[in-house]
């Protein structure tokens, strides 16, 4: 993150932390979890209807966050999705990551989410900044499938869907991944930074991302002073439309400043119904 942008973001977050959010009732504590439901429908989708739980940006940084993860798991289990997709940024505080280790955090994710439905993941910028090979080894030893750089087929009720995983554009890990012919029309593309969905050859599927935290701090009349992506504004938060529809998750954690401030910034995960129209 550029130093100037970081200072501006921190100053804005500090204003919220000093009380503006309490006045407006929009300062969101970390445990104020919201489940948002969306339907992504298009006549281009040839696969079976599929219910997808999309979770992004957990930024696990404390034992309390691990307890909160268990609450999230209960929410996800109650919605009975066919597929769970994780869009990266699993650890927040590097010191907490060093104390716990990559395997402990991945095991917590797996214990919480893998019993619910097939669970697939990609890495985010924070994961790439803190020992990405250790993350890969931890996922390889878990029931969560790291799909970055690959296309995998997943059995769901009513048929099969394909999931393509793309590396994170924000941390320079993006690389093209071709879609096999037999996956055409029923592929979900998962990445971290939504700008990675705009590279050549990535618009031919439903695209799912995170990373932006929906701005994390939004001021009245101004909105988010800075959002860390090169994606256009309509891809910063929630559903968007290109050739296929897609969605950028608001995410569950915080980055840099421990605050979410403003309308639409509440920590959340999304439940998507993908179907033909």
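Hey, residue 253 hits all of (1) touching a strand residue (DSSP E or B) at 6+ places or on another chain (Cβ under 8 Å); (2) touching a residue at least 24 places away in the same chain (Cβ under 8 Å); (3) not in a loop (DSSP other than H, G, I, E, B) but one; which does it fall short on?
That leaves (3) as the condition not met.
Looking at segment 135-173, which of its residues are part of a loop (DSSP other than H, G, I, E, B) and surrounded by fewer than 20 Cβ atoms within 10 Å (Cβ to Cβ)?
The answer is 141, 142, 143, 149, 157, 158, 171, 172.
Considering only segment 34-117, give the strands (runs of 3 or more DSSP E) lying wholly within it that have at least 2 residues that are touching a strand residue (DSSP E or B) at 6+ places or on another chain (Cβ under 9 Å), farther than 24 Å from residue 145 by Cβ and at pLDDT 95 or above.
In segment 34-117, 34-41 are the strands (runs of 3 or more DSSP E) which contain 2 or more residues that are touching a strand residue (DSSP E or B) at 6+ places or on another chain (Cβ under 9 Å), farther than 24 Å from residue 145 by Cβ and at pLDDT 95 or above.
Mind listing whichever residues of segment 118-134 are closer than 30 Å to residue 181 by Cα and in a loop (DSSP other than H, G, I, E, B)?
Within segment 118-134, 118, 122, 123, 124 meet the criteria.
Looking only at strands (runs of 3 or more DSSP E) that lie completely in segment 186-242, which have at least 1 residues being modelled with pLDDT of 95 or more, surrounded by fewer than 24 Cβ atoms within 10 Å (Cβ to Cβ) and within 17 Å of the chain's Cα centre (by Cα)?
Filter on segment 186-242 gives 238-241.
The values are calculated or read from the model by the stated rules, or taken from the named source; none is laboratory data. Fair warning: this is a prediction, and the values are worked out from it, not measured in the lab. Using ideal geometry, Cβ is built from the backbone for each residue, glycine included, and neighbour counts are taken over all protein chains shown.
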